[in-house]
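Take a look at the structure set out below.
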Amino acid sequence: MYKNFFRYLISAIFLLGFSVNSNADFKVGFVYVGPTGDHGWTFQHHEGRNAVEAAGIKTTFVESVPEGADAERVIRQLAQSGHDLIFTTSFGYMDPTNKVAKDFPNVKFEHATGYKREHSNVSTYSARFYEGRTLLGHIAGKMTKTNTIGYIASFPIPEVIRGINAMTLAAQKVNPNIKTKIVWVFTWYDPGKEAEAAQALIDQGADVIMQHTDSTAPVQTAEKAGVWSFGQASDMQRFAPKSILTSIIDDWAPYYVERAIAARDGTWNQQDTWHGLKEGMVAMGPYNSAMGADLVKEVEQLQKDLASGKVHSFTGPIYDQKGNILVAEGKVADDGMLAGMSVYVKGVEGDIPK
Amino acid sequence: MIKIEKRNDVPMALYFFTPFIAIILTILGGGIIFYILGFNPIEALKFYFITPISNLYGFSELLLKATPLCLIAIGLSFCFKSNNWNIGAEGQLTFGAIVGGGVALLFYNQEGFYILPLVITAGAIGGMFFALIPAILKTYFNTNEILVSLMLVYVSKLLLDYLVVGPWSNPEGFNFPETRQFSDSSRMPLLFEGLRIHAGIFLALAAVMLSWFILYKTYLGFQIKVSGLSLKTAKYAGFKGKTMILVVFMISGACAGLAGVGEITGPIGQLHRMISPDYGFTAIIVAFLGRLNPFGIIFASLVVALTYLGAETAQIFLQIPKYTGQVFQGMILFFLLASDYLLFFKVKILNLKKNELRH
């Protein structure tokens, strides 16, 4: 008796959610892992949201949602309160997103950087950040005097390892003597730790620093120490105007606008998107004039070639640290191999933490 | 001239009533903040305190959020009542989750009714053990338990980081910092289909009952209360202080460990780096708002849990920054401490007369 009563109540709640959805009032929700003012990862997703707003679509966001037990409630609340399309912008939202998607088949979900699409209303998307890393590698290989590149890495997941490898391969091409030194900080956002890691790398002789973490601390540390650096996720030039050579910019705006319009017009389909320089999901910040006009020209050409597909970041021959061949001469790595990348290429120092 | 005097006659009724005054002042203060931020205060407060629990799902979420807060605060009340300042409940929660989660991972591919009780017990023992460290250091080496317990929070969090990145990370998980999903036998049973509220709430209720019994019906409870009122009296009465300190820390740690295990076997279902949004610290506010009284703590945990939910709803519907949740929690504590001060002390404004100056 009571069980039935609760069932009735629960389904009533869900129905309420759906009935709001059928309203002409189309709304898009965003779930952020950090504050909108982090000047990195979340800041760029927020810029994407602003573009959706500018396209005349109503949006809502919730910032600093922990990737624990709270994520599911926030996503569910967005679904219940009449949002038709929900972007969950961090890997840790993967299971909660799929769980909520099951209960709201009429709401569309877009999960960033994940690999689970358990229901037909869940899409995943990510960017080919490694193409940007190839450009950074080319620049770093030319700019370094000590032949040592310092790399602050977050977690040993394929995306991060792919970036390290792409950078190292490109740098080796222009400077065979370079070494890549890595410090693992095991965090996405911790300015204190990131600054310490940058300093440690500089102390070990690195004169070019780059990072796969979200804060501006590494570029600021590099500026103080007088070494070169690169912005990550967002254009960080104003935080270290002398030191920054360029930035990898995640530009989610075109994708968000396109998907929001598709969902509004009923043409949204499940898909797994992996866009790069070509589609503009990865963009580069302004190049520092300290690079010299020749190098800027070279890099701009490489950027065009990567976008057109003439050059691929992972073109063979590629060897792992022990000298085993990973990609044969004349071949390029396929997306499957890139998605599961879990070994360093030759020239990277140290071991992947296990 | 202002003179502050201790009040001699503080009515007990008022003592238990001030938390309500603090909450009312917080709501008023919150309304003013919303007004300054440019929102309609009535509407904002409605989204904050009413909308989150206006349906069954929301109510279940409130209980889900209040469960760990209540458990930890119950444990802390034993420590605080006896003048032991355990600030490291967050660490004990984390360590309990590590030990409990470790057991759950041992049985990741097995089913059996005995697994969940094992996991829960392991979590409680883990928390207990972690709380014993500051307790033993305090009793035998005279260290400051505030510092030790606080520092151990970072130790346990870094240990958890290490485990989920390294040895315990999911072998099929592409090196992402998380363990495997626990098997269904290590998960807390859900109470209602479609809602997330789980059997862990009974642990919290049992803790409330048990703590009431211990505090008010046993010799240990008497010792705890006397030690809290006056350590000298306790010594004079011949209480064995060291044992009591160890016991209250163990109770406190076990409760925090249970809270941790409740989170990972309840809504989360695996170990990763974000198992608690600082429940261990927020529970300190809960314990004091509840006047260290078991039933007061139930009430306080619901109020504080609501500030979390309200912050989310207010952001979804009005785009009020989510950090107002922390502002509300801060205001509750501030107003509570302020009204306590006025409760125990009176402020006198004196006229400066010549004959008074002569004193």
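The values are calculated or read from the model by the stated rules, or taken from the named source; none is laboratory data. Not measured: the values here are computed from a predicted model. All Cβ positions, glycine included, derive from the backbone under ideal geometry; neighbour counts span all protein chains shown.
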Q. Limited to region A:330-354, what total is found for residues that are of a type outside the set (A, V, I, L, M, F, W, C), away from every other protein chain (no Cβ under 11 Å) and assigned to a loop (DSSP other than H, G, I, E, B)?
A. 9
Q: For region A:284-302, name all the residues that are surrounded by fewer than 16 Cβ atoms within 10 Å (Cβ to Cβ), within 24 Å of residue A:127 (Cβ to Cβ) and in contact (Cβ under 8 Å) with a residue 12 or more places away in the chain.
A: A:286, A:300
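Being assigned to a helix (DSSP H, G or I) and over 14 Å from the mean Cα position of the chain (by Cα) is the filter here, so list the residues in region A:114-135 that pass it.
So the first thing to find is which residues in region A:114-135 are assigned to a helix (DSSP H, G or I), and the list is A:129-135.
Answer for region A:114-135, where residues must be assigned to a helix (DSSP H, G or I) and over 14 Å from the mean Cα position of the chain (by Cα): A:134, A:135.
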Q) Of the residues that sit in region B:136-193 and are within 27 Å of residue B:80 (Cα to Cα), of a type in the set (S, T, N, Q) and part of a helix (DSSP H, G or I), which one is farthest from the other protein chains (Cβ to nearest Cβ)? A) B:139
(Q) Can you tell me which condition residue A:89 does not meet? The list is (1) touching a His at 6+ places or on another chain (Cβ under 8 Å); (2) away from chain B (no Cβ under 14 Å); (3) surrounded by fewer than 20 Cβ atoms within 10 Å (Cβ to Cβ), and all the others hold. (A) (3)
Q: Return yes when residue A:225 is over 24 Å from residue A:293 (Cα atoms), more than 14 Å from chain B (Cβ to nearest Cβ) and surrounded by fewer than 21 Cβ atoms within 10 Å (Cβ to Cβ) and no when it is not.
A: yes
(Q) If residue A:55 meets every condition in (1) over 26 Å from residue A:239 (Cβ atoms); (2) within 14 Å of chain B (Cβ to nearest Cβ); (3) in contact (Cβ under 8 Å) with a residue 60 or more places away in the chain apart from one, which number is that one? (A) (2)
Q | Output for region B:262-281, where each listed residue is within 13 Å of another protein chain (Cβ to nearest Cβ) and assigned to a helix (DSSP H, G or I) | A | B:262, B:263, B:264, B:265, B:266, B:267, B:268, B:279
Q) Given A:138, A:111, which one is more than 14 Å from every other protein chain (Cβ to nearest Cβ) and either surrounded by fewer than 22 Cβ atoms within 10 Å (Cβ to Cβ) or not in a loop (DSSP other than H, G, I, E, B) (or both)? A) A:138
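Counting only residues that are in a loop (DSSP other than H, G, I, E, B) and of a type in the set (A, V, I, L, M), which one in region A:263-297 is nearest to residue A:138 (Cα to Cα)? Quick ask: steps written out before the conclusion?
Residues of region A:263-297 in a loop (DSSP other than H, G, I, E, B): A:266-271, A:276-281, A:285-288, A:292.
Then keep just the ones that are of a type in the set (A, V, I, L, M); that gives A:277, A:281.
Numbers: A:277: 16, A:281: 20 Å.
Of everything passing the filter in region A:263-297, A:277 is nearest to residue A:138 (Cα to Cα).
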Q) Within region B:197-218, can you find the residues that are in contact with a Cys (Cβ under 8 Å, 6 or more places away or on another chain) and small (Gly, Ala, Ser)? A) B:204, B:207
Q: For residue A:87, state whether it is touching a Ser or Thr at 6+ places or on another chain (Cβ under 6 Å), not small (Gly, Ala, Ser) and not assigned by TED's automatic domain parsing to the domain that holds residue A:215.
A: no
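Suppose we filter A:29, A:17 for residues that are within 30 Å of residue B:68 (Cα to Cα), modelled with pLDDT under 85 and either surrounded by 20 or more Cβ atoms within 10 Å (Cβ to Cβ) or more than 9 Å from every other protein chain (Cβ to nearest Cβ) (or both); which single one remains? Break it down stepwise before answering.
Values: A:29 fails: modelled with pLDDT under 85.
Of the residues listed, the single one that is within 30 Å of residue B:68 (Cα to Cα), modelled with pLDDT under 85 and either surrounded by 20 or more Cβ atoms within 10 Å (Cβ to Cβ) or more than 9 Å from every other protein chain (Cβ to nearest Cβ) (or both) is A:17.
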Q: Tell me which of these residue B:8 doesn't satisfy, since it passes every other one: (1) within 14 Å of chain A (Cβ to nearest Cβ); (2) not aromatic (Phe, Trp, Tyr); (3) not in a helix (DSSP H, G or I).
A: (1)
Q. Among the residues of region B:318-329, is any away from chain A (no Cβ under 11 Å), outside any helix (DSSP H, G or I) and either buried (at least 24 other Cβ atoms within 10 Å of the Cβ) or small (Gly, Ala, Ser) (or both)?
A. no
**Q.** Pairs where the first residue, in region B:103-123, is without any contact (Cβ under 8 Å) to a residue 40 or more places away in the chain and the second is in a helix (DSSP H, G or I) and exposed (fewer than 11 other Cβ atoms within 10 Å of the Cβ), C-beta under 9 Å, 6+ apart
**A.** none
Q: Of the numbered conditions (1) more than 14 Å from chain B (Cβ to nearest Cβ); (2) free of Cβ contacts under 8 Å to residues at least 12 places away in the same chain, residue A:73 fails exactly one; give the number of that condition.
A: (1)
Q) residue B:44 is checked against (1) part of a helix (DSSP H, G or I); (2) under 15 Å from the mean Cα position of the chain (by Cα); (3) of a type outside the set (Ser, Thr, Tyr) and fails just one. What number does that condition carry? A) (2)
